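Visitor: Below are the structure tokens for one structure; questions will follow.
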Amino acid sequence: MTAGDRDPGSGASPDGLPPLREVIGAFGLKAKKSLGQNFILDLNLTRRIARAAGSLAGRTVVEVGPGPGGLTRALLLEGAARVIAVERDERTRGALEMIAQRYPGKLEVHFGDALEADWPRLVGPARGQAVIIANLPYGVATLLLTGWLDSEPWPPWFERMVLMFQKEVAERIVAHPGSKAYGRLSVLAQWRTAARMVLNVPREAFTPPPKVTSAVVEFIPHREPSPPCTPQALARVTAAAFGQRRKMLRVSLKQLVGAPEQLLEAAGIAGNLRAEDVAVKDFARLALVYERSALRRV
Ligand code: SAM
């Protein structure tokens, strides 16, 4: 066997900890589908994902779903000063404790649902500078993302995010107007962040392999998203517009307001456009006008 065809996850690890395949066996971590468990055992790959966030030296990293700890170990090997991980599966406690012992004072694991985490409190003094790096559980990936994108105040408690999604979701996040993938998620993500796809990850890189290819997306928050609408107004406007994406805006927005033409005119957007042809900044302007008109009606 050559180094090239060695089973990833079974070779000697540079951190001196047992290979991940052994860890999974020793702690009985058979992957659970209900928790979206597809583990990456190749430390070279998890280190590449970690490095996609730039230098981690001295940084505080937030990870959702460390599982047996493949990405966690990569984050620590790449020099993270502190990793705060939230994991739902209590079975991983032993494997994660072993990593915490190898890196005293650097790994904090909270067991619970990441959807309910109070991130600014967990991050504490690193607020504004933390980096989120995660191979997300696919079942809750978009909910976690939209939660982070809705953070208040903005700029948020994180300085950047590097997140793995199903490729189809990643494509929707970074899509531009005029494409089939362009939708609500593209607008919500691109209004507040610069989002770009940084890495494709084939199915075979995971144990067990999922049905589809995955991709890593990097998000860098804009300091002042423009125009400055609220995320709630943008969410409502895009839900109405993309809810009937084949219809013209002057029709689809009737769900939202009695007279969409007035709203569209005030935002300087032609009523005969379809949602998929409207740029992110135009949606944000529409949301701003909508928000102001809604306030006037109260
Ligand atoms: N980080 C590991 C890796 O890259 O090999 C595991 C990633 S696996 C795709 C997703 C992980 O998220 C699993 O460990 C799973 O138990 C955990 N998870 C699933 N739902 C969760 C939730 N709501 N909150 C926190 N962790 C969750």
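Visitor: Return the pair list, or none, for Cβ contacts closer than 7 Å from residues in segment 28-52 that are away from the ligand (no atom under 11 Å from the Cβ) to residues that are not charged (D, E, K, R), at least 6 apart or on different chains.
Guide: Pairs found: ARG47/ALA74; ARG47/LEU77; ARG48/LEU199; ALA52/VAL162; ALA52/VAL198; ALA52/LEU199; ALA52/VAL216.
Visitor: Right, something else. Let me confirm something: among ARG192, ARG184, which residue is more than 16 Å from the ligand (Cβ to nearest atom), under 17 Å from LEU163 (Cβ atoms), at pLDDT 95 or above and surrounded by 14 or more Cβ atoms within 10 Å (Cβ to Cβ)?
Guide: Only one candidate qualifies: ARG192.
Visitor: A further question on this structure: Identify the residue in segment 108-150 that is more than 15 Å from the ligand (Cβ to nearest atom), of a type outside the set (A, V, I, L, M, F, W, C) and open to solvent by less than 40 Å² (accessible area, probe 1.4 Å) and, among all such residues, is farthest from THR92 (Cα to Cα).
Guide: GLY128
Visitor: Moving on to the next point. Restricting attention to segment 153-167, and to residues there that are more than 16 Å from the ligand (Cβ to nearest atom) and without any contact (Cβ under 8 Å) to a residue 60 or more places away in the chain, which single residue is most open to solvent (accessible area, probe 1.4 Å)?
Guide: Filtering segment 153-167 for residues that are more than 16 Å from the ligand (Cβ to nearest atom) and without any contact (Cβ under 8 Å) to a residue 60 or more places away in the chain, the one most open to solvent (accessible area, probe 1.4 Å) comes out as PRO153.
Visitor: Search segment 275-293 for residues being at pLDDT below 95 and farther than 15 Å from GLU261 by Cα, and hand back the single one that is most open to solvent (accessible area, probe 1.4 Å).
Guide: Step by step, filter segment 275-293, then rank; the result is ARG292.
Visitor: Restricting to helices (runs of 4 or more DSSP H) lying wholly in segment 51-126: which have 3 or more residues that are within 20 Å of the chain's Cα centre (by Cα) and modelled with pLDDT of 95 or more?
Guide: Fully inside segment 51-126 and qualifying: 70-77, 119-123.
Visitor: I'd like to check something: does segment 68-89 contain any residue that is among the hydroxyl-bearing types (Ser, Thr, Tyr), more than 9 Å from the ligand (Cβ to nearest atom) and assigned by TED's automatic domain parsing to the domain that holds ARG21?
Guide: no
Visitor: Under 8 Å between Cβ atoms, which residue pairs at least 6 apart in sequence (or on different chains) link something in segment 103-130 that is closer than 21 Å to ALA57 by Cα with a partner that is within 13 Å of the ligand (Cβ to nearest atom) and small (Gly, Ala, Ser)?
Guide: LEU107/ALA85; GLU108/ALA85; VAL109/ALA85
Visitor: May I pose another question? Of all residues in segment 258-274, which are surrounded by 19 or more Cβ atoms within 10 Å (Cβ to Cβ) and among the aliphatic types (A, V, I, L, M)?
Guide: LEU263, LEU264, ALA267, ILE269
Visitor: What is the number of the single condition among (1) closer than 26 Å to ARG121 by Cβ; (2) assigned to a helix (DSSP H, G or I) that ASN44 does not meet?
Guide: (1)
The values are calculated or read from the model by the stated rules, or taken from the named source; none is laboratory data. Quick caveat: nothing in here was measured; it's all calculated off a predicted structure. For neighbour counting, all protein chains shown are included, and Cβ atoms are generated from backbone atoms with ideal geometry for every residue, glycine included. For the accessible areas, the whole protein counts, side chains as well, though only heavy atoms, and no ligand, DNA or RNA atoms are used. Shrake-Rupley method; radii C 1.70, N 1.55, O 1.52, S 1.80 Å.
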